[in-house]
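This report concerns only the one structure given below.
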Amino acid sequence: MARNAEKAMTALARFRQAQLDEGKVKERRPYLASECSDLPKAEKWRRQIISEVSKKVAQIQNAGLGEFRIRDLNDEINKLLREKRHWEFRIRELGGYDYKRYGPRILDREGREVPGNRGYKYFGAARDLPGVRELFEQEPAPDMRKTRGELMKDVDAEYYGYRDEDDGVLVPLEMRHEKRAIAEAIHKWRLDGGCPPSEKEDEPSIYSSVASEPDEERAPDEEDPEQGDVAFFAHVPVPSQKEVEEALVRRKKMELLERYASESLQEQSRQARTLLGL
């Protein structure tokens, strides 16, 4: 028996080797991507993984498979996706195409990106499982607060009330309210012990004493109070317009003399002013 078993094993081993040589036996994908050193084979294993992912994604669309089967399929798809990333990294190490940088995103049947959390994706009916649907419910976007620059764009003259009177409505209302407020204030003042209404006509004029003073005490340029103008008295000497002009010319001469004259000339000028009493 041992001899026959050895012969059978030897024949089987030779048959298997012949099939491998002819390419009839399907080669198994390496467990680790680092075990592959051939770029075409690495590309082949990546395409094989993508094919398996496509089949499982088509299966997981059926919501009648049951919760446990759907979860298992979703786990298998995510495992294949991780393995695909390992092969893409290996392809880049072997000098091939950089799929991580230029590869397309994972999209669902509607063309939207597959939702997930921290790299774990949910496909098909897995998105409607209990506890998963709540993860992807979109919360209302928070109200964005305007920046100071955006707020200042709306600030103009109208904001500060400079154009409130342009419509011609506010000014008449304010005048009417002002007159009413003044009248109420005067009435309240009189009721609180102010000047009685009967004494208003008997109030002495503050200009009566001014009008009764003799004419010689008035200023020369004072106007007649009978003409309706108020008389004013100058208690200090007021220079005339001619005197003011002469003082300005004299001051300007002194400034020019100090700026352009020599020290000896300035000394002579000071002595002359002293002698003249200026």
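What follows draws every value from the coordinates through simple rules; no lab data is involved. Here the structure is a predicted model, which means the values were calculated and not measured. Note that we place each Cβ from the backbone using ideal geometry, even for glycine, and neighbour counts take in every protein chain shown.
Taking amide H positions as modeled 1.01 Å from N, with prolines and chain starts lacking one, no residue 5 or more places away or on another chain lies under 5 Å from Lys121.
Seen from Asp98, the other residues with C-beta closer than 11 Å to its C-beta sum to a net charge of +1, counting Lys and Arg as +1 and Asp and Glu as -1. Once both labels are positioned 7 Å from their Cα atoms along Cα-to-Cβ, the gap between Ser240 and Val155 label points is 5.7 nm.
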